[in-house]
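The values are calculated or read from the model by the stated rules, or taken from the named source; none is laboratory data. This one's a predicted model, so the numbers in the text were calculated from it and none came from an experiment. In this analysis, Cβ positions are derived from the backbone assuming ideal geometry, glycine residues included, and neighbour counts consider all displayed protein chains. Areas reflect the complete protein model, heavy atoms only, side chains present, ligands, DNA and RNA absent. Shrake-Rupley method; radii C 1.70, N 1.55, O 1.52, S 1.80 Å.
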Amino acid sequence: MLMVEYAVVVLSWNTAAAVETGATFRLCDGITVYVNNPRGEPFRLELDVRDINIYESGPREVLVKVYDPDGKALVREVIPDDGVTRKALLPRGSGWYELLCYTRGLEPMMSWSSFSDPAYLESIHKRTFRWDIPGSKKGVYRLMAVGNQDHFVTLKLEPELAYGVSGQPLWLHGRGKMFTKSYVYVPRGTRGLHLGFREPNAPPRRRLTLTAPDGNRLFDSSMPGSDRQGSYEETRFDPPGRYDDQLLVLEITGGDEDFMLHLLLNNEGLSMGSHNLRRGAAAVLSADEATAKAVQGGAIYHDGQVFWHGYQVRFHDWLKTLQPLDFAVNDDRGNEVKVVTVTGGAAGEQGPRLDGLAKREGYYPLNGAHVAPPLCDRIMHDYPAHKNRQALNLAIRDLEKGLRDIATGDHRAVPGWNGNLAYIFAPFEWHYWRPAWRILQQSEAPEQVKEIIREAFILCGDRLAFARGMERVNGNAFSLIVEGLRYCHEATGDPLQKQLFETYFERFVNEGWGAGTGISKSGDCQEHFAHEHHYGTYIARDTWVAVVRDFGDERFRKVLERVRELYTYTWCPQADANPWSSRTAHSFNEGACLWISSAVPKIPEGSTPVLGALWKGDPGPDFTVSVNGGGEWFAARRKNYYLVTFHGRLAPMTINAYFASRCGYGGGLLCQLTVPGKGTVLASTLNDSYGEGMEPHRWRNFHLHSVVGQLADGRPLVTADSEHEGTARLEGNVVSSSGEVRDGSVRVTRKYSFADDHIGCEVKLDPSAYEGQYYQGRRRSDVAEAYEMIPFLPGSRESPTQVKLIRPDGILEELTPEPQLAKTLVIDRGGWGAEVELEKPANVHCGTNHTVLIQLTTKPAPAGNLRLAYRLVPFRRF
């Protein structure tokens, strides 16, 4: 359990129940409160914390911080979890649960708004925390609480002081009569805004309007065509700055259900983000005009510019003490050194750098070749080689530029809808964590500026450590939070940040942030709460590579080696044989991958490299394994074959509902059958990424190893649409697993027996163990037609794959679209391939997408009557 006390004020707490007073907020993920204290009087902050323990699993702490008007931290505390860690809502990706229901015309089993009801909250265990804040300074104090959607906090101030509030990183949660009428101050330099409005419970009943001081209606959710979820388009002020230092009026009327508000004020002092949207600071909502004007939307005006934090002001003032010559870089001969920018190229080649100073070998960016690093990262890598003070000043100035993007929520300002801090704040885009470490720990920068930088990165790192909401969905970006925290605690040397990193790392590598997040039990980095073959490589070839190179951290190295070990089994050089892939259909470019040590290990001639290791599909000693001991992938190699099957988790239906398809298939299917030294014969592949063309009703055009067809009630049957996690067993040389087919009322069981020269295959259908419904006199599990689909590689135009059948009488014939009785199928890729020897003769025909369909039934039949057994016999005639 993580519990840290770090405060300059007294903390006390009790668990006594009391009638709710104060303002209650649901944290999605956090709130920033701007307290107007014009007389600088002492006040007490009391925070009641409740955890409904519905959506999250495992301990979830709450970060609480209080800053004085100069931005100095007075309270910096991590409130521990309440001790209840078992998840109540089971679906992975439960944030999409309501969407899953509404897209199917269903009513969710729980009301999002019910948890906000005061009577319900009163029944939830409450923990009360108090801090006495010394009021030695006049001005605006900033309070921050960050948790997750299970957390409700009730805020009380004694004496009562007026305040404004904003949400972070994207949403501000409201309930009941909250924010009925609010005033929004527009900081100077605001060019426009970006707004979203959601009501998690359907149907929507509220109306939101946002009105400018000149009467211009900037947003009205009741207008025809208004997108209640917001838009990727920003509302731009004409001219920019039109409403500077004025108040917008936000009104919410009608309804009593919870709502979510996202309002960003896009400021010219912030950088551009994705979708060509300027970043915005979260708007601060105040109940009266005087408070709104006093807190100024969180903005600080100084030296004719807009700042958001005290450290930014101090950093700006320090840079002003330097002269232009302090930034004029010359080499040892006195020649001017200029900044050049390289576009394109491999990892480590792109981005700005100083051209003419001494260089150090071994530079590797924090996010591979995906986002170019800033100038300061390259300068500080080379700094030990030249120790050029002017170059150091350039790096410090560049770092200050990056830190100017930190706005109202202690995180980088958000562009439009992208509130995922793994992308915009971690080293996916924001690469300043490492140069801060080098400046603080490896340079002779003045102590004054080091203290400013240390203060800035304590602020940034604390907030990054609580980015664990929507950040979890895409593991390649999620992993970069771990990377950023590793550099941050090394930079600041702060004990709390070290502890925050250790906690984050342990949860990331052990699914402590939820099932399907971080590193799986099989060793890969998960996406969409499942396995993703392309993006899953990024951690091993692009991101954590830098940490291993810079720190030699064995914990990171072990994770990377396990990731790479998995890919040496799952990769296929001749096909994207990754049908389980939860986002993309394609694999990865082996040529773009690097090893985690400084030198790429030598790959023996004739072998196939995979992320710097050896592909298991090459010839070698026999084995039969559960890959990485995860019980999801199983692989076997013999002299004449290499075979991989998949029995693990798939993207949850909450994700599939979003894409109205299936993002990956499994169900114990055969992923690839390869003849070592020759090539791949059979491979299951997806038609496109993100479920395109993979809707179950399109089964006739699939290229999967699966029983496909139609149930008696007209629903499609695709047995690969099943998760066998937890049922897969390897006993000797036999792998078996079973699982319920999604939307199928059918259970499928698969078994593979790995012999010396062939693979025995068996598939069996049964009624679902949970079936109890009937349809027109038949069980819902009854099957109208079913075929075992065998996907083969088509070969090339010059050497196409030949598929023939051997009839029961021994006659060899071409496979056609018409059903023909066969006892054996021959899939010949030019003197090598595989035979499919059926246990009993069956009708077979060719499918539409380089598949063979083996008939199980074409007449209505009980699922329990359907079984097929056959042998796969790879051959290599020359």
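Computed quantities for the displayed model
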| read-out | value |
| --- | --- |
| Length-normalised contact order of the chain in % [C-alpha pairs under 8 Å, at least 6 apart] | 8 percent |
| Distance from region 811-878 to region 697-736 (C-alpha centre basis), Å | 17 Å |
| Relative contact order, percent, region 686-807 [alpha-carbon distance under 8 Å, six or more residues apart] | 23 percent |
| Highest-first arrangement of 393-400, 327-334, where packing means the average Cβ count within 10 Å | 393-400, 327-334 |
| Full-stretch length increase - THR235, ARG555 - with 0.36 nm per residue and alpha-carbon distance subtracted | 110.5 nm |
| Percent of Cα-Cα distances greater than 11 Å, calculated over region 358-400 | 64 percent |
| Positive-end residue of GLN296, LEU872, LEU704, charge dipole of the chain with Cβ unit charges | LEU872 |
| Within region 641-730: Cβ-based charge dipole about Cα centre, in debye rounded to nearest 20 (Lys, Arg +1; Asp, Glu -1) | 240 debye |
| Whole-number percent relative contact order across region 117-265, with pairs defined as alpha carbons under 8 Å at least 6 apart | 34 percent |
| For the chain, accessible area per residue (1.4 Å probe, heavy atoms of protein chains only), Å² | 37 Å² |
| Cα principal axis extents for region 290-449, largest first, Å | 60, 35, 26 |
| ALA23-LYS804 pseudo-label distance in nm [points 7 Å out on the Cα-to-Cβ vector] | 8.1 nm |
| Accessible area of the chain belonging to carbon and sulfur atoms, whole % at 1.4 Å probe | 49 percent |
| Over region 728-823: Rg over Rh, Cα atoms, Kirkwood Rh | 1.07 |
| Cα gyration tensor, region 379-458 - rounded (a/c under 1.5), prolate or oblate | prolate |
| Net length gained if the chain between ASP756 and ASP220 were fully extended (0.36 nm per residue, minus Cα distance) | 185.9 nm |
| Sites GLU813 and ARG867 - FRET efficiency at Förster radius 30 Å, r taken between beta-carbons, to 0.05 | 0.70 |
| Candidate aspartates and glutamates - alpha carbon under 12 Å from LYS181, same-chain residues fewer than 8 apart omitted | GLU251, ASP288, GLU289 |
| Counting all C-alpha pairs of the chain, share separated by more than 48 Å (%) | 31 percent |
| Computed magnitude of the charge dipole of region 730-836 (debye, nearest 20; Cβ of K, R +1, Cβ of D, E -1) | 320 debye |
| Cα gyration tensor category, rounded, prolate or oblate, for region 225-352 with a/c compared to 1.5 | oblate |
| Hits among lysines - C-alpha to C-alpha of LYS138 under 22 Å, sequence gap 8 or more where chains match | LYS65, LYS72, LYS156, LYS293 |
| Qualifying lysines (Cα of each under 23 Å from Cα of LYS823; at least 8 residues distant if same chain) | LYS751, LYS764, LYS804, LYS840, LYS859 |
| Cα gyration tensor, region 429-496 - rounded (a/c under 1.5), prolate or oblate | prolate |
| Area accessible to solvent at TRP417, 1.4 Å probe radius, in Å² | 50 Å² |
| Cα-projected label distance for GLU839 with THR858, points at 7 Å along beta-carbon direction, nm | 2.3 nm |
| Those GluC sites (Glu not before Pro) in region 290-398 that DSSP places in a loop and that have at most 11 other beta carbons within 10 Å | GLU361 |
| Stretch gain in nm, segment GLU122-GLU160, where the contour uses 0.36 nm per residue and the Cα spacing is subtracted | 11.4 nm |
| Heavy-atom accessible area order for LYS450, LYS401, LYS639, largest first, 1.4 Å probe | LYS639, LYS401, LYS450 |
